[in-house]
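Report on one structure; see the data block that follows.
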There are 2 protein chains.
Amino acid sequence: MGSEQAGRAPEDADAVRADSLAREIFTGVASKWSLLIIEVLRDRTLRFSELRDEVEGISHKMLTQTLRRLERDGVVHRTVHPTVPPRVEYRLTDAGRSLRDTVNGMCAWSRMHLDEIEASRHRFDAQQHA
Amino acid sequence: MGSEQAGRAPEDADAVRADSLAREIFTGVASKWSLLIIEVLRDRTLRFSELRDEVEGISHKMLTQTLRRLERDGVVHRTVHPTVPPRVEYRLTDAGRSLRDTVNGMCAWSRMHLDEIEASRHRFDAQQHA
DNA sequence: CAGGATCCCAAGCGATACTG
DNA sequence: CAGTATCGCTTGGGATCCTG
């Protein structure tokens, strides 16, 4: 993850710290549920229950948990309407939208290489027990 | 993950299967170690032990396990030199390199939003126990 | 050196019940 | 409706030992 670890003075501790932080952020964001939520939010505003339906397969717990992390990192914005019953809406922040662009790239990649990957898997599996 | 789930006939089972496959591929590839390995391979050819050193924090087991998955999906290519001791080299395939481009995007995003995210976290944490 | 197999613990996650 | 808390299973993944 180093921006470029070429020749860095050992006393340059800030760069090291930044690297490990970037790494921590990267691995935090690069998780199944985070990416799926980001992907599904696109540029819409969705309520908690709508997200729950759209993400498919995610549990109540994981949804809240992941949303909290994303909110904390400033990737999604959370709006609470003080009505009864409560209405809570989620949308991507600017940072979130820029992240989503790269996530879309991964989704596109998955779709684009579907057949190629499936073929590769068959080849691989056939070879194994050979 | 739907390419566009607008109006799809129920009998169009192929598209549904493709979607779930794309989803499975996406969540398979979008895992911490997979992405870090792809990131570290860039356009180099690395040996098993070199990868082990470069990925930092990965265990022997996770490295082999993840490499197998990536090889099976045709993302990395594995070359075994029948020497003694054995020499095994890994490099990205064409598909792998195109995936790496989007992974790079996520890494760049992490680095670019470092301070913004850190600030957001502090704000969030301060608010909480308020 | 590459990597399979085994053991085992801790984290991830789901299910359920409860609150505002 | 949105969210927290608790419990328990399941899994990920580390440590270690063994083979070609």
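Bear in mind these aren't lab numbers, they're just calculated from the coordinates by the rules spelled out. Since the model is a prediction, treat every value here as computed from it, not as a measurement. Using ideal geometry, Cβ is built from the backbone for each residue, glycine included, and neighbour counts are taken over all protein chains shown.
Quick one: B:32, A:61, fewest Cβ neighbours within 10 Å first, how do they rank?
On the way: B:32 17, A:61 8.
In order of increasing Cβ crowding within 10 Å: A:61, B:32.
Can you tell me which aspartates and glutamates have their Cα less than 17 Å from the Cα of residue A:32? Leave out same-chain residues fewer than eight positions away.
The qualifying aspartates and glutamates are A:24, A:53, A:54, A:56, A:71, A:73, A:101, B:19, B:24.
Mind listing the label-point distances from residue B:20 to the same position on all other copies, shortest first, one decimal in nm, points 7 Å along Cα→Cβ?
Sorted ascending, the copy-to-copy spacings read 4.4 nm.
Can you put B:106, B:112 in order of Cβ neighbours within 10 angstrom, beginning with the fewest? Working shown, then result.
Numbers: B:106 22, B:112 14.
Going from sparsest to densest Cβ surroundings: B:112, B:106.
Treating only the Cα positions of chain A as identical point scatterers, give the base-10 log of I(q)/I(0) from the Debye formula at each q in 0.11 Å⁻¹.
For chain A, the Cα-only Debye profile gives -0.57.
Under 12 Å between alpha carbons, and skipping anything fewer than 8 positions from residue A:61 in its own chain: which aspartates and glutamates qualify?
none
Rounded if a/c is under 1.5, else prolate if a/b beats b/c, else oblate: with a ≥ b ≥ c from the C-alpha gyration tensor eigenvalues square-rooted, which is the protein assembly as shown?
Cα axes put the protein assembly as shown in the oblate bin.
Place a point 7 Å from the Cα of residue B:119 along the Cα-to-Cβ direction; which residues of segment A:89-116 have their backbone N under 15 Å from it?
A:94-96
Residue farthest toward the positive end of the dipole of segment A:31-128, with Cβ of Lys/Arg at +1 and Asp/Glu at -1: which of A:117, A:36, A:93?
The one lying farthest along the dipole's positive direction is A:93.
Work from the charge dipole of chain A (Cβ charges, +1 for Lys and Arg, -1 for Asp and Glu, about the Cα centre) and give the residue of A:107, A:70, A:126 farthest towards its positive end.
Among A:107, A:70, A:126, the one farthest towards the positive end of the dipole of chain A is A:70.
With a ≥ b ≥ c the root eigenvalues of the C-alpha gyration tensor of segment B:16-79, is it rounded (a/c under 1.5), prolate (a/b larger than b/c) or oblate? It would help to have the intermediate numbers written out before the result.
Working: a/c = 2.36, a/b = 1.95, b/c = 1.21.
Note, shape of segment B:16-79 comes out prolate.
Count the net charge of all other residues whose Cβ sits under 15 Å from the Cβ of residue A:128, scoring Lys and Arg as +1 and Asp and Glu as -1.
Working: positive: A:121, A:123, B:68, B:69, B:72, B:78; negative: A:125, B:71, B:73.
Summing Lys/Arg as +1 and Asp/Glu as -1 gives +3.
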